[in-house]
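Before any comments, here is the structure.
No lab work stands behind these numbers, since they all come straight from the coordinates. Computed from a predicted structure; not experimentally measured. Because the Cβ atoms are built from the backbone with ideal geometry, glycine has one as well, and the counts that use them run over all protein chains shown.
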Amino acid sequence: MQPTDSSWRSSRSRLIISSLQVLVIFMKMVSSQSHNHLVGGSIWSIPASNDFYITWSSNQSFFVGDNLVFRFDTGLYDVKQVSRREFENCNAENAFRTIEIGPATVSIIEEGMHYFICSFGNYCFLGLKVSVQVQCQPSG
């Protein structure tokens, strides 16, 4: 007995709908695994205390695939990704990355420590710097 045209279409429609449902579930899982972190929970600017951004980052969990969102006004601040030594000395002579147009989103694509400073004036010495410890995505 051969399937009728209508039963074949019905089976095909169910298969397409099931495939779309699986795709939607997968997309939700992938998007739920990454997170946008608004650096400092507010704008990227000179903080009230030198350890503000360090304290903020120590209370966050960062994973590969997450994004750091730096909200700042172009021309008033910048973001430079630097080495640990440059971070500690507030020096950006050999920055890995320079972002001068805000707001900016930095995708974290590898685990480990990542260091960011503002190179305007003495802003870094005033605490406008942040380090983040990035881990691999948890499984499951």
Can you check what the net charge comes to around Phe63, using other residues whose Cβ is under 12 Å from the Cβ of Phe63 (Lys, Arg +1; Asp, Glu -1)? -3
Please turn the phi angles of segment 103-120 into ³J(HN,Hα) values with the Karplus equation 6.51 cos²θ - 1.76 cosθ + 1.60 (θ = phi - 60°), one per residue in order, whole Hz, x for glycine and proline. x, 9, 10, 10, 7, 8, 10, 8, 6, x, 7, 10, 10, 9, 9, 9, 9, 6
Would you mind checking which residues have amide H under 5 Å from Val134's amide H? H placed 1.01 Å from N; only 5 or more apart, or other chain. Gly112, Met113, His114
Across 10 Å bins from the origin, how do the percents of Cα pairs in segment 79-140 run, short distances first? 22, 51, 21, 5, 1
With the Cα gyration tensor of segment 40-135 giving a ≥ b ≥ c as the square roots of its eigenvalues, does the rule (a/c under 1.5 for rounded; else a/b larger than b/c for prolate; else oblate) give rounded, prolate or oblate? rounded
Long-range amide H partners of Val82, meaning residues 5 or more apart or on another chain whose placed amide H is closer than 5 Å, are Phe96, Tyr115, Phe116, Ile117
Under 9 Å, Cβ to Cβ, from Ser119 - net charge with Lys/Arg +1 and Asp/Glu -1: 0
